[in-house]
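Chemist: Mind looking over this structure? Questions follow.
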Amino acid sequence: MHSRENSRPGEFFDASSDPAPSSNPESGRQIRPFLGIQFRCCRTYGRIYRDDERTQYKGCCPRCGSRVTVPIGPGGQGSRFFSAG
């Protein structure tokens, strides 16, 4: 495992800090923070996105609609990819 001091940008996820700039100046598109989820219920991958209040990530399995919520709090995690369902 790498230490945060020697990490590359974006290698560690800290849910307690603000993300990088919220827009991509090259494309003009808004960048939406997300978590990658491996949904075990249907053995498929999907993304869940941060809510407008910046308190949690919410989304559903793309096949069966099973809901998943990941709260945002101090301490954060070193990963942006998880398993659920």
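The values are calculated or read from the model by the stated rules, or taken from the named source; none is laboratory data. Just so it is clear, the model here is predicted, and its values are computed rather than measured. All Cβ positions, even for glycine, are placed from backbone atoms using ideal geometry, and neighbour counts span all protein chains on display.
Chemist: Taking the stretch 46-58 on its own, how many of its residues are exposed (fewer than 14 other Cβ atoms within 10 Å of the Cβ), over 11 Å from residue 72 (Cα atoms) and either among the small types (Gly, Ala, Ser) or touching a Pro at 6+ places or on another chain (Cβ under 8 Å) (or both)?
Modeler: 1
Chemist: Do any residues in the stretch 57-77 that are on the phi > 0 side of the Ramachandran plot have Cβ atoms under 8 Å from those of residues that are surrounded by fewer than 13 Cβ atoms within 10 Å (Cβ to Cβ) and assigned to a loop (DSSP other than H, G, I, E, B), where the two are at least six apart or on different chains, and which pairs are they?
Modeler: Between residues of the stretch 57-77 that are on the phi > 0 side of the Ramachandran plot and residues that are surrounded by fewer than 13 Cβ atoms within 10 Å (Cβ to Cβ) and assigned to a loop (DSSP other than H, G, I, E, B), the close pairs are 75/16; 76/16; 76/17.
Chemist: State which residue is modelled with the lowest pLDDT when the search covers only the stretch 9-51 and only residues that are of a type in the set (Gly, Ala, Ser) and part of a strand (DSSP E or B).
Modeler: By that ranking, first place goes to 23.
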